[in-house]
Amino acid sequence: MNRHISSMELAALILSAVFVFPFRAGKAENSFDYANYVAVLKTYVVDGFVKYKDLKVDRKKLDAFINQLGSLDRRTYESWSEKDKIAFWINAYNGITLQAVIDNYPIKSGFVGSWLYPKNSIRQISGVWDKQTHRVMGEKITLNHIEHETLRKKFNEPRIHMALNCASIGCPALRNEPFEGGKLGKQLDDQSRSFLKLSRNYRLKGKTLTLSSILSWFGTDFVKSYGSGSQFSGFNETERAVLNFIIRHLDEDQKKKLTSTSFSIEFLKYDWALNDKS
């Protein structure tokens, strides 16, 4: 039987709907829920360093986040914007790396590895990048696959190298919040500025510009986005792209110094010591 609903009844219905079916503020139905990962980063990441000892004891939220990666429906993923996808893969890489470290913490060095790398380095974990597999969207993949076959190959976003954290001091600092598609550009620019503020990553002294090895290993990734223009014409294509990227993220005094100085480029030895705050 049909009948008219009074204004009082309508108001009551609206209020009950709000309480029974609460809105997910700012969140689309097909978005990824990073709540567990947020809790991990906020609790255990301090200035880019990680309280691995504490995280190993209280790892439920990290493990829950990793399980979410494995159970994500690929159709949901495919519905996302490119920036959402990039953010997802960066978060997946960094989260899985955290899990790989605490699975082996405290890290024990091998006989050969101890001669090549610090005893507490992630490099002491056998196959951590190319052999150990992790479930993402139902498929078993490695950290190398995430970085090289997905992020580097499928997206033109070289600033990922300012965001991916390999649990080492030489890496860009681990951000204490997840990357999000809606603010990915600002987050990656912030990561880039923070990275270049550290003397171990950028230092112009005399006529020598010393840079992080990351900018040597992945320099070609910057060519498509930063390789054009006549500035730094005395350098090769890859070097010019790296310099064009760098100068966009320096303060004004550093920019003036970089453009008014004749210099050669050297790359620092990478610091593989664990980024451990424990």
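In region 109-142, the residue that is surrounded by the most Cβ atoms within 10 Å (Cβ to Cβ) out of those that are among the β-branched types (V, I, T) and within 22 Å of the chain's Cα centre (by Cα) is V136.
Could you please let me know if S230 is modelled with pLDDT under 95 and more than 26 Å from the chain's Cα centre (by Cα)? Considered against the rule, which asks whether it is modelled with pLDDT under 95 and more than 26 Å from the chain's Cα centre (by Cα), S230 comes out as yes.
Those helices (runs of 4 or more DSSP H) of region 202-258 in which 3 or more residues are over 21 Å from G170 (Cα atoms) and open to solvent by less than 60 Å² (accessible area, probe 1.4 Å) occupy 223-226, 237-247. Restricting attention to region 227-269, the residues that are within 26 Å of R123 (Cβ to Cβ), in contact with a helix residue (DSSP H, G or I) (Cβ under 8 Å, 6 or more places away or on another chain) and in contact (Cβ under 8 Å) with a residue 24 or more places away in the chain total 3.
Pick from I169, I160, I146: which is of a type outside the set (S, T, Y), in contact (Cβ under 8 Å) with a residue 24 or more places away in the chain, in contact with a Lys or Arg (Cβ under 9 Å, 6 or more places away or on another chain) and under 24 Å from N36 (Cα atoms)? On inspection, the qualifying residue turns out to be I160. Within region 191-219, residues that are without any contact (Cβ under 8 Å) to a residue 40 or more places away in the chain sit with their Cβ atoms under 6 Å from residues that are open to solvent by 20 Å² or more (accessible area, probe 1.4 Å) and assigned to a helix (DSSP H, G or I), at 6+ positions apart or across chains, in these pairs: G219/T238. If you go through region 69-104 and pick out every residue that is crowded, with 18+ Cβ neighbours inside 10 Å and over 26 Å from L188 (Cβ atoms), you end up with 1. Selection of region 161-205 for residues being of a type in the set (S, T, N, Q) and within 14 Å of the chain's Cα centre (by Cα) yields N165, S168, N176, Q187, Q191, S192, S194.
Scanning region 259-278 for residues that are part of a strand (DSSP E or B) and open to solvent by less than 30 Å² (accessible area, probe 1.4 Å) yields one hit, L274.
Which members of region 151-193 meet the condition of being of a type in the set (G, A, S), assigned to a helix (DSSP H, G or I) and surrounded by fewer than 19 Cβ atoms within 10 Å (Cβ to Cβ)?
G181, G182, G185
Taking the criterion of being farther than 28 Å from T76 by Cβ and among the charged types (D, E, K, R), the residues of region 96-129 that qualify are K108, K119, R123.
The values are calculated or read from the model by the stated rules, or taken from the named source; none is laboratory data. Everything quoted here is computed from the prediction, not taken from an experiment. No Cβ is skipped: glycine too gets one built from the backbone with ideal geometry, and neighbour counts run over all protein chains shown. Heads up: the accessible areas ignore ligands, DNA and RNA and are worked out on the full protein's heavy atoms, side chains in. Shrake-Rupley method; radii C 1.70, N 1.55, O 1.52, S 1.80 Å.
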